[in-house]
Amino acid sequence: MSTATANDLAASAAQLRAYRSPFQQFWRRFRRNKLALLATVYLVVIYVVAATAPLISPHSPEEISLLNRLGNPSVENLLGTDENGRDVLSRLLYGSQVSMTLGLLAVILAVTIGTVLGAVSGYFGGRTDAVIMRFTDAMLVLPSFFLALLVLAVFGPSIGNVIAVIGLTQWMVVARVVRSEVLRTLPQEFVNAARALGANHLRIIVHHILPQAVPSLIVASTLGVAHAILTESSLSYLGLGVQPPAASWGSMLSAAQNYIWTKPILAVYPGVLILLSVLAFNSLGDALRDALDPNYID
């Protein structure tokens, strides 16, 4: 074997060892962001807690004890009791179910609507694109929070209505993101090849175009959940979200405002959890955006 051939083989072997799969590249970039790793751990823990709240909660969140109102932390009530004698820890645990799950479901609705409208708009173009985008622009102009207040005031506050109103006021950004990804992917050769092989419009969109938009959708979804949690908390704080006696972090914050000078810790517990959850989703979204960026310099 000649020296040149041996050198070529050695170089090929070195390149093979240096090769990283797309997932390995993503994980290598993502794990560099320590704050994002911490945020991921926090979110996993909080969703596990939300899923197991009925099992780990020391008391019923609706159990009232008027003789133990505004009680201090004790062995029986680790974080004390609220204005109705209900265990604060239990209400925080059950409140995580409502706040975190509601935000997630609202974003799923928003992503579904935005993906469909954005894909149809970008793929078909022309008048279809013009009509959908002008409608999207009109929705973006409207103040979404006040629109949510109006809808809930008309149809009444409930968990289902809150999910619907948040989802229906957050799909616009997703639609624009998906449309831009569709316009970027549409001229690619594999799309033209699928069209030449006789694939219909639905198959081309679902199997060939939308997978290219998944990284952008993941980032938009994580940031959207943070916004949805804030919106739900704001609506519950104003009395138009989750209704008593059901527990949510926003409703707990609203009830605690009457005791801000006598028992301020009641507002601290849900406020800190809302703050940490929003920061965690924002940090995760920023890290995913960098890790999924094809132009990232490793």
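The values are calculated or read from the model by the stated rules, or taken from the named source; none is laboratory data. Treat the numbers as computed from the prediction; the structure is a model and nothing was measured. All Cβ positions, glycine included, derive from the backbone under ideal geometry; neighbour counts span all protein chains shown.
Observations on the model:
- Inside the stretch 219-239, residues that are surrounded by fewer than 23 Cβ atoms within 10 Å (Cβ to Cβ), over 8 Å from the mean Cα position of the chain (by Cα) and touching a residue at least 60 places away in the same chain (Cβ under 8 Å) make up a count of 4.
- Filter pass, Gln15 being modelled with pLDDT under 80, in a helix (DSSP H, G or I), loosely packed, with under 12 Cβ neighbours inside 10 Å and not aliphatic (A, V, I, L, M): yes
- Residue ID - farthest from Leu79 (Cα to Cα), chosen from residues in the stretch 245-283 that are hydroxyl-bearing (Ser, Thr, Tyr), in a helix (DSSP H, G or I) and in contact (Cβ under 8 Å) with a residue 24 or more places away in the chain: Ser283
- So Thr262, is it polar (S, T, N, Q) and either touching a Leu at 6+ places or on another chain (Cβ under 8 Å) or farther than 25 Å from Val88 by Cβ (or both): yes
- Single residue of Ser90, Ser144, Ser158, Ser96 found to be within 30 Å of Ile46 (Cβ to Cβ), touching a His at 6+ places or on another chain (Cβ under 8 Å) and not hydrophobic (A, V, I, L, M, F, W, C): Ser90
- Residue ID - farthest from the chain's Cα centre (by Cα), chosen from residues in the stretch 158-195 that are crowded, with 18+ Cβ neighbours inside 10 Å and of a type in the set (Ser, Thr, Tyr): Thr185
- Of all residues making up the stretch 18-55, the number that are in a helix (DSSP H, G or I), farther than 30 Å from Gln212 by Cα and either at pLDDT below 85 or under 24 Å from the mean Cα position of the chain (by Cα) (or both): 8
- Of note, Gly103 satisfies the criterion of being modelled with pLDDT of 80 or more, of a type outside the set (A, V, I, L, M) and out of contact with any Leu (no Cβ under 6 Å at 6 or more places or on another chain).
- Filter pass, Ser216 being surrounded by fewer than 19 Cβ atoms within 10 Å (Cβ to Cβ), modelled with pLDDT of 85 or more, within 30 Å of Phe30 (Cα to Cα) and polar (S, T, N, Q): no
- Residue check for Arg91: within 30 Å of Leu79 (Cα to Cα) and among the charged types (D, E, K, R): yes
- Beta carbons closer than 8 Å, at least 6 apart along the sequence or on distinct chains, pair a first residue in the stretch 76-100 that is more than 14 Å from Ser248 (Cα to Cα) and in a loop (DSSP other than H, G, I, E, B) with a second that is of a type in the set (Gly, Ala, Ser) and modelled with pLDDT of 80 or more for Gly80/Ser74; Glu83/Ala255.
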